[in-house]
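Some notes on the structure that comes next.
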Amino acid sequence: MAEPVKIFCRNCHAKLDVSDCPPFEFVACPACGTHIRVPMRFDRYLLEKVCGKGGDSVVYRAIEPELARRVAVKIQLEPDNGEAAQRFINAARICGKLNHPGVIPVYNCGTCDGRAFMVMRYMEGGDLERMMKHGTLPPEYTVRLSWIAGIVPALIEAKGNNIVHHDVKPGNIMLTAENESKLGDWDLADFREPGDLRSANSEWVSPIYASPERIYCGGEDYRGDIFSLGVTIYELLSGNAPFGLHGSAEEIYERRRSMSFDPLSQIQPGLPPALSLLVTGMLEFEPANRPEYEEVRTLIDKVVADSAEGTKPEGEKTAGLSSWFRKK
């Protein structure tokens, strides 16, 4: 016999038994008339509504009754005990190994009704891709950069553990209610040594953010994440993807090889020149020519800090920050 579904009215706190009501529909509280969405029980969680969908999974906003907290529950669309289910388990283990404030924490994982699931912190602020689509990004570029600054230390921690994310993009950068950024969706992440570009990834990511070595070799090391992060920064600051949105694998690869994009300094003249130079470096065709995470963190932190202090960073000030800038 199914466990009953009982909830509290958010207005008058009356306890309601909604076991016989269709999930995700609204019912009126008999005590005060407030309309309440009916949740659906899944394992020990009460699913409230769909937050997003991927290729083989769906994410729900949910309640964990035992701890009285809101969570996000990611569930496979179809029952599967094979590779897809294992990917959920691997992603949970990777997040647990990192245990970094820049990574969305995973609370639980397992299977229910033959479908793998993962329980994570619920990110009230949503993701940056949705903000771009809805035109709700803040006009101050330093605010957008501060969100990048929040996840770079997590990527540095991942590199230190030989973990590559393989899917860095605005849709996987999410915000808390306090406007703190965290990197999520580690489903494609794996362990690999620096220089391992030939071990093919099992999944194809969005071509907008894919590194040239991912397109040509089938794999990438942490420097592929640096490239994807560069595309993300470029898009957040300019409103456009540097290499376009469409095309065949050959066309996408050629645009990366020829580096056919306008530098950020031409699109947004008010940006610090060194920041434009940094992003151009992150988009270099050859992985060895890209800056390291430490250079990325140093410059972005400086740009954000200078903005907070009311000073405008200059190219001469930042050009000597690292060996990468001296090399350039």
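Run the paramagnetic zone check for N108: 7 angstrom along Cα to Cβ, then residues of the range 1-34 with backbone nitrogen under 15 Å.
From the range 1-34, the list is 3.
Leaving out same-chain residues fewer than 8 places away, which aspartates and glutamates sit with a Cα under 16 Å from that of K53?
Cross-link targets: E78, D127, E129, D167, D185, D187.
So, in nm, how far is label R44 from label I267 when the simple model puts each one 7 Å beyond its Cα toward the Cβ?
Between R44 and I267, the simple spin-label model gives 4.7 nm.
Divide, for the range 1-105, the radius of gyration over alpha carbons by 2.2 N^0.38 Å, where N is the residue count.
Compactness ratio reported: 1.26.
Cysteines of the chain lacking any other cysteine beta carbon under 4.7 Å?
C21, C51, C95, C109, C112, C217
Which shape class applies to the range 131-170: rounded if a/c is under 1.5, otherwise prolate when a/b exceeds b/c and oblate if not, where a ≥ b ≥ c are the square roots of the Cα gyration tensor eigenvalues? Working shown, then result.
Details: a/c = 5.84, a/b = 2.04, b/c = 2.87.
In terms of gyration-tensor shape, oblate.
Which translational diffusion coefficient, to the nearest whole µm²/s, is obtained for the range 144-193 from the Stokes-Einstein equation, given a Kirkwood hydrodynamic radius over C-alpha pairs, 25 °C and 0.890 mPa s?
217 µm²/s
For the range 44-121, take the convex hull of the Cα atoms, compute a quarter of its surface area, and give me that in nm², please.
Details: hull surface 20.7 nm².
For the Cα atoms of the range 44-121, the hull's average projected area reads 5.2 nm².
Place a +1 charge on the Cβ of each Lys and Arg in the range 126-327 and a -1 charge on the Cβ of each Asp and Glu, then give the dipole magnitude about the Cα centre in debye, rounded to the nearest 20.
Dipole about the Cα centre, nearest 20: 360 debye.
List the pairs from K74/K182; K133/K159; K133/K182 whose alpha-carbon separation is above 24 Å, in the order I gave them.
K133/K159
Under Stokes-Einstein, with the Kirkwood radius over Cα pairs standing in for Rh, what whole-number D in µm²/s applies to the range 25-81 at 25 °C and 0.890 mPa s?
On the way: Rh = 12.6 Å.
The diffusion coefficient I find is 195 µm²/s.
Got a sec? Charge dipole of the chain, +1 on Cβ for Lys and Arg, -1 for Asp and Glu; which of A14, G239, F24 is way out at the positive end?
So the residue we want is A14.
How would you classify the range 60-204 from its alpha-carbon gyration tensor, with a ≥ b ≥ c the square roots of the eigenvalues: rounded for a/c under 1.5, else prolate if a/b is greater than b/c, otherwise oblate?
In terms of gyration-tensor shape, oblate.
Just to be sure I understand: if I project the alpha-carbon convex hull of the chain onto a plane and average over all orientations, what area do I get in nm²?
Over every viewing direction, the Cα hull of the chain projects on average to 19.0 nm².
Once every DSSP H run of n ≥ 4 in the chain is given -39500 (n - 2.57) and the sum is divided by its residues, what mean residue ellipticity at 222 nm do you get, rounded to the nearest 500 deg cm²/dmol? Display every interim value, and only then the final one.
Working: 11 runs with 115 residues, N = 328.
It lands at -10500 deg cm²/dmol.
Can you list which of the DSSP-assigned H helices in the chain have a Cα extent of 20 Å or more along the long axis and an average Kyte-Doolittle score of at least -1.0?
83-98, 141-160, 222-238, 293-308
Where a number appears in this text, it was derived from the coordinates with a stated rule and is not lab data. This is a predicted model, so every value here is computed, not measured. A quick note on method: Cβ atoms are made from the backbone with ideal geometry, for glycine too, and the neighbour counts reach across all protein chains shown.
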